[in-house]
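Below: the structure, in structure tokens.
The values are calculated or read from the model by the stated rules, or taken from the named source; none is laboratory data. Quick caveat, the model's predicted, so the values are computed rather than measured. Positions of Cβ are generated from backbone atoms using ideal geometry, with glycine treated the same way; all protein chains shown enter the neighbour counts. SASA here: full protein model, heavy atoms, side chains in, ligands and nucleic acids out. Shrake-Rupley method; radii C 1.70, N 1.55, O 1.52, S 1.80 Å.
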Amino acid sequence: MLKDITLGQFFPGDTIVHRLDPRTKILMVIIYIVALFQAKWFVTYGILLVFLAIAVRFSKVGAKALMRGMKPVLFILIFTGVLNLFYNTAGTILWHWGIFTVTTGGIRVAFFMVIRIMMLISGTFLLTYTTSPILLTDGIECLLGPLKKLRVPVHELAMMMSIALRFIPTLIEETDKIMSAQKARGADFDSGNLIDKAKALIPLLVPLFVSAFRRADELATAMECRCYHGGEGRTRLRQLVYTGKDWITLISGLALLAVVCVLAYGFGL
Amino acid sequence: MSKEIIEIKDVTFRYPDVEKETPLVLNGVTLAIDQGSFVAVLGHNGSGKSTLAKHMNAIYLPEGGTVYVDGISTAEEERLLDIRRTVGMVFQNPDNQIVANVVEEDVAFAPENLGVPSEEIRERVDRTLELVGMSKYAKHAPHLLSGGQKQRIAIAGVIAMEPRCIVLDEPTAMLDPIGREDVLRTITKLNREQGITVVLITHHMDEAALADRLVVMDHGKVIQDGPPREVFQHVEELTRRGLTVPETVGLLHQLRENGVNVPLDALSVEECAEAIYAALR
Ligand SMILES: Nc1ncnc2c1ncn2[C@@H]1O[C@H](COP(=O)(O)OP(=O)(O)OP(=O)(O)O)[C@@H](O)[C@H]1O
Ligand SMILES: [Mg+2]
């Protein structure tokens with residue numbers, strides 16, 4: 001049952017989007033998000049939507065998978081939509097009942113806000129769908145590299161992240177095992193009120209933590225045995241290489257941002 | 001290059017505890033391990049095998065005495081990396097030794113740490129995976145492999161460091177018979193074909209019988225040391241220390257106690273049958 005949880009979901013593939021350097025993709029998502037927050041009216045949103053559609057098309061991820069990603073945030077979407085609808089009272093009044101007022105301005109803001117969140121989520125999901133977790137960590141480590149000069153432990157953070165990713169399936173399996181073991185001893189995880197349920201988790205969490213600490217200790221020894229001594233002088237099996245297509249993608253991303261900014265601020269589109 | 005890859009001289013060790021005096025876990029161990037040999041270490045639970053193993057690549061430093069790895073004392077802190085890359089270590093639980101979430105990434109971990117150039121890491125990874133028979137799984141996620149496969153990946157991860165010696169602490173304890181077989185075959189191959197020195201800590205007598213030298217530990221001391229054939233002849237002493245002997249030797253011993261004149265140094269089933277046949281004729 002816990003096996004269904006997928007974190008950092010990744011759809012392996014060999015499309016041009018998959019093959020882009022992770023750094024390019026991370027930067028593109030940042031540029032895209034910045035552009036999204038500059039967009040004002042149908043024209044600018046439309047341009048960004050077309051851009052997203054092209055990327056999705058090339059990645060062969062499929063709109064369905066993207067929409068599935070929207071499910072967990074459906075509540076937030078509706079909540080934001082409704083809130084904005086009633087909160088904004090500019091424009092002509094269309095409907096009025098007690099404290100609730102719907103105006104043309106409210107509809108406009110709510111509509112664009114929901115679209116914006118949906119596009120934002122699709123964009124970031126496209127990144128995790130097409131980039132393996134290791135590449136993503138590598139990319140982040142590399143992009144944050146300059147911070148090393150400010151004594152930010154970039155390598156250590158990236159290492160922690162990749163070890164966490166490595167141990168998620170192991171710990172999920174272990175949780176499953178402990179759950180079964182405790183159920184066999186008569187533990188009940190499903191009934192009772194919220195407090196009962198929280199209490200029932202104690203016999204699950206305690207052994208899980210104990211075992212996680214033991215694992216961490218053993219892993220640290222094993223890493224030391226394999227000559228791990230921090231990021232200093234470390235080489236990599238897979239070097240990230242920036243190619244022509246990465247530069248082209250990045251430049252087109254920046255051009256997109258420029259166009260959106262000009263249209264939004266210059267013409268209010 | 002010295003002939004002895006590991007030299008343990010009169011080593012004592014205890015686990016420190018702030019509150020009370022702890023007993024000596026290693027109580028004067030002296031042991032020299034020859035380059036290229038295959039040594040098995042036996043001993044019942046708590047006899048200090050794992051502790052001794054961890055002295056062989058400077059995870060622990062001895063309280064008294066010295067450990068030399070390829071002539072370097074493990075107390076020399078500046079040489080730590082040289083020591084660790086000479087003697088690799090494999091532990092019981094493969095899950096807790098695998099660092100990366102792709103097999104080849106994990107095998108590459110040690111050479112990456114040593115600053116080996118990318119192209120050479122690639123070569124080493126391919127060669128090592130081939131050696132442990134896991135090339136097919138280079139791109140797999142380790143958590144989806146079987147126990148035996150995981151343990152072979154863990155071994156590959158150490159071999160990629162190109163150590164001259166590997167110490168394995170009960171590497172088959174968590175495996176099913178097939179996984180155990182695979183791992184043992186890999187270990188034997190590394191020793192015979194690659195000339196890598198092997199120190200194998202085990203509870204299985206049949207695994208110990210594979211070695212060309214057997215060291216038996218009890219209460220932090222080495223109590224027996226010699227070729228398996230010789231060591232197993234001390235059936236009574238071993239049983240008294242809470243150890244068993246291979247079934248073949250056990251059978252011969254019982255026959256002998258009951259007055260059948262058989263030799264005790266037959267390890268394989270064939271040899272054992274031969275010996276009984278000869279005695280009964
Ligand atoms: N981290 C530790 N802290 C304190 N005492 C320890 C620690 N590890 C082991 N010991 C103690 O040291 C003694 C020897 O332990 P060791 O693990 O070396 O035995 P072993 O021969 O490997 O046993 P096993 O066959 O169970 O693996 C035991 O009495 C044990 O309780
Ligand atoms: Mg042990």
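Only one of B:Gly115, B:Gly65, B:Gly88 is closer than 26 Å to B:Phe38 by Cα and more than 20 Å from the chain's Cα centre (by Cα); which?
B:Gly65
Exactly one of (1) more than 14 Å from every other protein chain (Cβ to nearest Cβ); (2) open to solvent by 60 Å² or more (accessible area, probe 1.4 Å); (3) more than 16 Å from ligand 1 (Cβ to nearest atom) is unmet by B:Gly46. Its number?
Going through (1) more than 14 Å from every other protein chain (Cβ to nearest Cβ); (2) open to solvent by 60 Å² or more (accessible area, probe 1.4 Å); (3) more than 16 Å from ligand 1 (Cβ to nearest atom) one by one, B:Gly46 breaks only (3).
From the residues in the range B:63-75 that are closer than 24 Å to A:Leu219 by Cα and assigned to a loop (DSSP other than H, G, I, E, B), which one is nearest to the other protein chains (Cβ to nearest Cβ)?
B:Thr74
Regarding the range B:14-31, can at least one residue be identified that is within 12 Å of ligand 1 (Cβ to nearest atom), away from chain A (no Cβ under 14 Å), closer than 16 Å to B:Leu214 by Cα and open to solvent by 10 Å² or more (accessible area, probe 1.4 Å)?
no
Could you check the range B:15-43 and list, in sequence order, the residues that are touching an Asp or Glu at 6+ places or on another chain (Cβ under 7 Å) and within 16 Å of ligand 2 (Cβ to nearest atom)?
B:Ala40, B:Gly43
Any residue in the range A:142-170 that is within 14 Å of another protein chain (Cβ to nearest Cβ) and touching a residue at least 40 places away in the same chain (Cβ under 8 Å) sitting within a Cβ distance under 9 Å of a residue that is charged (D, E, K, R) and open to solvent by 70 Å² or more (accessible area, probe 1.4 Å)? List the pairs, counting only those 6 or more apart or interchain.
The qualifying pairs are A:His155/A:Lys148; A:His155/A:Glu232.
Can you tell me which residue within the range B:87-103, out of those that are in a helix (DSSP H, G or I) and at the interface with another protein chain (Cβ under 7 Å from one of its Cβ atoms), is most open to solvent (accessible area, probe 1.4 Å)?
B:Asp95
List pairs: first in the range A:67-89 and over 28 Å from A:Val56 (Cβ atoms) and part of a helix (DSSP H, G or I), second aliphatic (A, V, I, L, M) and open to solvent by 90 Å² or more (accessible area, probe 1.4 Å), Cβ under 9 Å, 6+ apart or cross-chain?
Hits for this filter: A:Phe86/A:Ile99.
Determine the pairs where a residue that is under 13 Å from A:Leu83 (Cβ atoms), located within the range A:98-110, has a partner that is in a helix (DSSP H, G or I) and hydrophobic (A, V, I, L, M, F, W, C) with Cβ atoms under 6 Å apart, the partner being 6 or more residues away or on another chain.
Once the first residue is under 13 Å from A:Leu83 (Cβ atoms) and sits in the range A:98-110, its partners that are in a helix (DSSP H, G or I) and hydrophobic (A, V, I, L, M, F, W, C) give A:Phe100/A:Phe86; A:Gly106/A:Leu85; A:Ala110/A:Leu85.
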